Structure formats: structure tokens, C-alpha cells
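Read through the structure below, which is laid out as C-alpha cells, and then see the notes.
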Amino acid sequence: MPPRENGHEEPVIRDNRKIDPETGQVRQAPAAPQEVPGDVLEPQDGELAAQLAERTADLQRLQAEYTNYRRRVERDRLAVREQAVAGALSELLPVLDDIGRARDHGELTGGFAKVAESLESALTKLGLSSFGQKGDPFDPTVHEALMHSYSTEVSEPTAVEVLQLGYRIGDRVLRPARVAVAEPEDAPAASDDDDN
């Protein structure tokens, strides 16, 4: 390129338009490269195919890693959210116990009753549910036995009295139900026979 007067080179302009703006004629496409006999390209083709296969495998591996990463991040995000909600709800369980005691004693009336209902419905929307009913079969994974007795009225270990409701969010138990448990009466009779 010829240098300009100030010492800089002229800019290079590549005009890729199909019609020449000066003459208005259609430009001719550049000549196609000459074909090379197949035996000359075969080694290069095999090498190119191997490189292509390697790069494709790398891209597939990266895509799989990225997909797994996205899934893991989403799972972790949901787990952190569940833990945060469970932590906040755990702190509200004593308030729910107080509301339940007030309801049992007939002191839950007027405006306080509306507030209690609103609080309970908001906590239910967050996934909190109570469990533990009189007559439920005793399950040590969700019940905490505070009292134990024997009874002829039950055929298996049973919660005969619920001292404090249990709460869970989803499948996660926030607090086990605290219950009085009764077992069938034939169990102590068998142990008395063994002593004789």
C-alpha cells in the first residue's frame, strides 16, 4: 500500500457487493479452487474427522456438565429456601401452641380469633401442617412418647392422648407430636409368667 502524506498507510477496502457500483455490472464470482485428487485429501479428511469427533465429544461433555450444574444449583436453591422457611416456621410453633390452648379454653374470641385464623392460614400456605390425633398408631419417627401405659382397648401401641401437636413442612418433621402411648395389656402378663 502506498503511504499517505502523513506517513500512514491507506485503509484497505474490500467491496463484497455483487454489483459494481461504478459500472452497474454484475461482478463475476471468484474462480472455484481446483479439485485435488481424492488420494491427496484422504489423510487430511481422516485427521479432520478425528478432530471433529473429538471437539464434538468435548462439546457434549461440556453441555452435560452445564446441565448438571444448572440442576444442582436449582436443587440447592430450593433446599436453602426450604431450610429458611422451616427455620422461620419453627420459631412460630410456640405461638401456634398458645393459640391452640386459648382455643381449647374458649378464650379465642373476637378480633383475636380472626388474627389466629389469618396466621394459621398463612402458615398453611407456606406448607406447614399439623399431625397427631388421638387413636393414631404410635410411630417413633413422628411421635415422641411422654407417657406409657397398658390398655385392653388397643391392639398395638397407640397414641391415646395428644399432649402437643406435631408439625411438618412437606415430608420434613419440624417437631414430633408429643403423645401418651398405650400398649396392649397382654405384654406385661407374658413377662409376669416368665418370672414364675
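What follows draws every value from the coordinates through simple rules; no lab data is involved. Everything numeric here is computed off the predicted structure, so don't read it as measured data.
In summary, the convex hull built on the alpha carbon positions of the range 77-150 has an orientation-averaged projected area of 6.9 nm². Near Asp136, the amide H atoms lying under 5 Å from its own belong to Ala159; only residues 5 or more places off or on other chains count, and H is placed 1.01 Å from N.
Starting from the alpha-carbon convex hull of the range 136-187, give the projected area averaged over all orientations, in nm². Average projection, Cα convex hull of the range 136-187: 3.5 nm².
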